[in-house]
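Quick one: the structure is below, and I'll ask about it shortly.
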Amino acid sequence: MSWITDYKIPVGEVAADFFDWMQHHGGWFFDALSAALEWMIDAVLWVLQTPPPLVVIAVFVAGTWALQRNWKACLLVALGFLFILNQDYWEEATESLTLVVASCVVCMALGVPIGIYAARRPGFYRVLRPILDLMQTLPTFVYLIPAIVFFGIGMVPGLLATVVFVLPAPIRLTHLGISSTPPALLEAVQAFGGTSRQLLWKVELPFALPQIMAGLNQTIMLSLSMVVVAALVGADGLGVPVVRALNQVNTALGFESGFVIVVLAIMLDRVLRIERK
C-alpha cells in the first residue's frame, strides 16, 4: 500500500506556501493590526492596573449591581476578587482579564454582524458552517504557529489565537437567536409597514438578546480556557504560573493558579448572565 503515500496530498506544503505568501504580501497589514491590538491591550491593562485594587473591585461590584440587581452576585464578585488579591495573583489576573476583554471586543464586533448576516442569508451560513467547525476542532496549538510567524512573541499572537478559537461561538449563537424569532411576530411587524432595519433593531435583536449574551458568556469562558495556551507564546497572565507549575511539577502552584482561573471564570459568568423573562 506504499503507492498511496507516494501520492500524498500536499496539505502541509500548501498551507506553508499560503502563509509565506500572506507574510510577504500582507506584512503592512499585519504590522498595522498588531499595533492596533497592542494599543487596545495596553489601554485595558492601564485601566485595570493603574487604580488601587480595591477601587477596581468596587467598580466591578457596582457594575454587577447595575446589570443584575442582585446582592448575592455582588457579594460573589467582591469575595472572588478579594480571594485573588489574597493569593497575590492580582497582576496576573488583570493581565488575563485584559486578554479576555480584548478577545470579547474583537469576537463580538465580528461575530454578531456575521451571525445576523448568516441568519438572513441561509446559503451563506451553509458555506460558513464547515469553516466554523474547522476553527473549533483544529487543535489550538496549530493556531499559534501562524500567529508567531505574523506577530512574533507576546500578547498579540495569544489574542489572535484566542479569537480564532472563540469566534465561532458568538457567530453560532447570534445566528440561532435571530433565526429563532417567531415568524408570526415578523409578519406582524411587516404588516404594519416595518422596514428591514426596524425589524432588526425593534424585533430580532431584542428577541435574540439572551442568545447573544450567551455567546458573550461562551466567549469569556473559552477565552479563559486559552490563557494557558496563550502563555506558550509569551502572553502574560494566569497561564504563566500554570506553565511554570507544569515544568517544575509543582502541584501547589498549579492548583493555586488554576483555582484563581476558575474563580475569575465564575465571577464573569455570574456578572454577564442574562435570561429571558
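Over the Cα atoms of the chain, what Rg and Dmax result, in angstrom?
21.5, 69
While we're on this one: What's the center-to-center distance, using Cα atoms, between segment 82-127 and segment 5-25 in Å?
30
In segment 175-231, how does Rg compare with the Kirkwood Rh, expressed as the Rg/Rh ratio over alpha carbon atoms? Present the calculation step by step, with values, prior to reporting the outcome.
Details: Rg = 16.3 Å, Rh = 13.0 Å.
On the Cα set of segment 175-231, Rg over Rh gives 1.25.
Please identify the DSSP H helices in the chain that span no less than 15 Å along the helix axis (Cα) and have a mean Kyte-Doolittle hydropathy of 0.0 or more. Numbers along the way, then the final one.
Values: long enough: 11-25 (21 Å, -0.15); 27-49 (32 Å, 1.08); 53-68 (22 Å, 1.88); 71-86 (22 Å, 1.92); 90-120 (44 Å, 1.12); 122-137 (22 Å, 0.20); 140-151 (16 Å, 2.32); 155-166 (16 Å, 2.35); 168-179 (16 Å, 0.47); 205-225 (29 Å, 1.04); 251-271 (30 Å, 1.64).
Once both thresholds are applied, what remains is 27-49, 53-68, 71-86, 90-120, 122-137, 140-151, 155-166, 168-179, 205-225, 251-271.
Another question, if that's okay. Of all the accessible heavy-atom surface of the chain, with the other protein chains kept in place and a 1.4 Å probe, what percent is carbon and sulfur?
69
Within the chain, what's the longest stretch lacking chymotrypsin sites (Phe, Trp or Tyr not before Pro) that sit in DSSP loops with no more than 10 other Cβ atoms inside 10 Å? Walk me through the numbers before you get to the answer.
Details: sites that count: Tyr7, Phe192.
In the chain, the maximal stretch lacking such sites is 8-191.
Around Ala73, under 12 Å between beta carbons, what's the net of Lys plus Arg minus Asp minus Glu among the other residues? Don't skip to the answer; put the middle values down first.
Numbers: positive: Arg69, Lys72, Arg270, Arg273; negative: Asp269.
Charge balance in the 12 Å sphere: +3.
Please calculate how many Å² of accessible area segment 189-277 carries per residue, with a 1.4 Å probe and no DNA, RNA or ligand atoms counted. Don't skip to the end; give the middle numbers.
Numbers: 4760 Å² over 89 residues.
Value for segment 189-277: 54 Å² per residue.
Restricting attention to segment 1-103, which trypsin sites (Lys or Arg not before Pro) occupy a DSSP loop and are surrounded by at most 11 other Cβ atoms within 10 Å? If you can, show how the numbers build up before the last one.
Working: sites: Lys8, Arg69, Lys72; in loops: Lys8, Arg69.
Passing both the DSSP loop test and the Cβ count: Lys8, Arg69.
Give the Debye-formula value of log10 I(q)/I(0) at each listed q (0.15 Å⁻¹), with one equal scatterer per alpha carbon of segment 64-206, two decimals each.
Taking Cα atoms of segment 64-206 as identical point scatterers yields -0.96.
If you don't mind, another one. Describe numerically, in nm with one decimal, the distance between label points set 7 Å from Cα along Cα→Cβ at Leu75 and at Ile266.
If labels sit at Leu75 and Ile266, their model points lie 1.4 nm apart.
In Å², what does the accessible area per residue of segment 62-124 work out to with a 1.4 Å probe? Mind showing how you got there, number by number?
Details: 3090 Å² over 63 residues.
On a per-residue basis, segment 62-124 sits at 49 Å².
Here is a follow-up. How much length, in nm to one decimal, is gained on full extension between Arg120 and Val249, taken as 0.36 nm per residue of separation minus their Cα-Cα distance?
On the way: separation 129, 0.36 × 129 = 46.44 nm, distance 5.13 nm.
My answer for the length gained is 41.3 nm.
Something else about it: Quick check for me: using +1 on Lys/Arg Cβ and -1 on Asp/Glu Cβ, what's the dipole size of the chain about its Cα centre, in debye to the nearest 20? All intermediate terms of the calculation are to be shown ahead of the outcome.
Values: 15 positive and 18 negative charges, 276 e Å.
Roughly 1320 debye for the chain.
Taking the Cα centre of segment 54-211 as the origin and placing charges on Cβ (Lys, Arg +1; Asp, Glu -1), which of Val127, Val101, Leu185 is farthest toward the positive end of the dipole?
Going by the Cα projections, it comes out as Leu185.
How large is the convex hull of the Cα atoms of segment 143-277 per residue, expressed in Å³ as a whole number?
On the way: hull volume 16.0 nm³, N = 135.
So the per-residue Cα hull volume is 119 Å³.
The values are calculated or read from the model by the stated rules, or taken from the named source; none is laboratory data. For clarity, every value in this text was computed on a predicted model and none was experimentally measured. Cβ coordinates were reconstructed from backbone atoms using ideal geometry, including for glycine residues, and neighbour counts include every protein chain displayed. The accessibility values were calculated without ligands, DNA or RNA, using every heavy atom of the protein model including side chains. Shrake-Rupley method; radii C 1.70, N 1.55, O 1.52, S 1.80 Å.
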